[in-house]
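Below is one structure, written out as structure tokens; comments come after it.
Rule-based calculations on the coordinates, nothing more; no lab input. Because the structure is a prediction, the values reported are computed rather than measured. Cβ sites come from the backbone with ideal geometry, for glycine too, and all protein chains shown count toward neighbours.
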Amino acid sequence: MKIASFNINGIKARLPLVQDWLGEAAPDVAILQEIKTIDETFPRAVFEDMGYNVETHGQKSFNGVALLSKLPLEDVTRGLPGAKGAGREGVDDEEARYIEATVVGEHAVRICGLYLPNGNPAPGPKYDYKLRWMERLHARAEALLAQEECFLMAGDFNVIPQAEDAARPEAWEKDALYLPQTRQAFRRLLNLGLTDALRARTQAPELYTFWDFQRGAWARNDGIRIDHILLSPQCADLLEDVQIDKNIRAREKPSDHVPIWVSLAA
DNA sequence: ATGGTCGCCGAGCGA
């Protein structure tokens, strides 16, 4: 089972690219972030015509996540539990950043798609929200780990885990993506027993998933690795391959992120 | 130090 994550930075602007990529990469499951639209205007029929089941958790203009799957998406939940002032219709967050569903192939895999808050500027209320959100994600991971089943958390974590995950780490020292507290919260997630799929397979440097639109970052390969797929122990047992589709960044009208995917014996 | 670029939508914010 091939499972891919891609921050598309707006589905309206990215539809041709996403269609081309899905046709070529043919993931069984695609986890999308920053759809930047409401559920009603997400072009679900385009993906249904390509053989995908579609579940979205959108909002107007910002954020928004979606799951596409060739197999049925079961037990879909929207929103990360634990927000202060949780409320509307079972959704636990003002910002649409989290969706879960189960896909059943040879094994059942719980898919957790997430768009973690950027957190800049730090310090400040946005950084506080990011750290609280990471605590809530930690709690959700603990709850899922207690079930001892196969699950993965994938998406745009907005975390540069280590210096080798940035072309110029010194440029990020005061940034919410790389501050010590941010990286500690990410390590705490891994220390629960989750596996960073990419780092389980390679320690190679310069494996980036994001290049800023500004300053010719792509042309200079001034990238960072902030899109991650974390595997539960039962899921890590099934890991066959992990890759970053770097070539997608060189296309017409690219996103600033590229896809990352795992292949599981599931 | 600043500005540089995108996408959302139709001004300015978020990244």
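Data for the structure
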{"read-out": "Cut-off under 5 Å, modelled amide H: who pairs with A:His228 long-range", "value": "A:Gly155, A:Phe157"}
{"read-out": "Modelled FRET efficiency - R0 41 Å, A:Lys12 with A:Val104, Cβ distances, 0.05 increments", "value": "0.80"}
{"read-out": "Chain A: Cys lacking any partner C-beta under 4.7 angstrom", "value": "A:Cys112"}
{"read-out": "Binned Cα-Cα distance frequencies in the range A:108-175 - 5 Å width, integer %", "value": "3, 15, 20, 20, 18, 12, 7, 4, 0"}
{"read-out": "Magnitude of the charge dipole, chain A, Cβ model with Lys/Arg +1 and Asp/Glu -1, debye to 20", "value": "780 debye"}
{"read-out": "Relative contact order for chain A, counting Cα pairs under 8 Å that sit 6 or more residues apart, in percent", "value": "20 percent"}
{"read-out": "Relative exposure of A:Glu135, A:Glu24, judged by other C-beta atoms within 10 Å (fewest first)", "value": "A:Glu24, A:Glu135"}
{"read-out": "Dmax and Rg, reported as Rg then Dmax, of the range A:139-234 (C-alpha, Å)", "value": "14.3, 46"}
{"read-out": "Pairwise centroid distance, computed over Cα atoms, of the range A:53-72 with the range A:232-266, Å", "value": "18 Å"}
{"read-out": "Whole-number percent relative contact order across the range A:1-135, with pairs defined as alpha carbons under 8 Å at least 6 apart", "value": "18 percent"}
{"read-out": "Nearest-0.05 FRET efficiency for A:Asp75 and A:Lys126, computed from C-beta distance (R0 25 Å)", "value": "0.20"}
{"read-out": "Packing-based exposure ordering (other Cβ within 10 Å, fewest first) of A:Lys246, A:Lys174", "value": "A:Lys174, A:Lys246"}
{"read-out": "Interatomic Cα distance distribution for the range A:2-264, bins of 10 angstrom, percent", "value": "7, 32, 40, 20, 1"}
{"read-out": "Compactness of the range A:41-126 - radius of gyration and Dmax, Cα, Å", "value": "14.7, 46"}
{"read-out": "Exposure proxy order (Cβ contacts within 10 Å, fewest to most) of A:Leu71, A:Leu152, A:Leu131", "value": "A:Leu71, A:Leu131, A:Leu152"}
{"read-out": "Selected from A:Val258, A:Gly223, A:Thr195, residue furthest toward positive end of dipole (the range A:178-266; charges at beta carbon)", "value": "A:Gly223"}
{"read-out": "Cβ-based charge dipole, the range A:2-264, positive-most Cα from A:Tyr129, A:Thr56, A:Val46", "value": "A:Tyr129"}
{"read-out": "For the range A:31-51 and the range A:167-224, distance of Cα centres in Å", "value": "28 Å"}
{"read-out": "Cleavage-rule hits, trypsin sites (Lys or Arg not before Pro), the range A:1-70, DSSP coil, Cβ neighbours within 10 Å at most 15", "value": "A:Lys60"}
{"read-out": "Stretchable slack from A:Glu206 to A:Arg188, in nm (0.36 nm times residue separation minus alpha-carbon distance)", "value": "4.1 nm"}
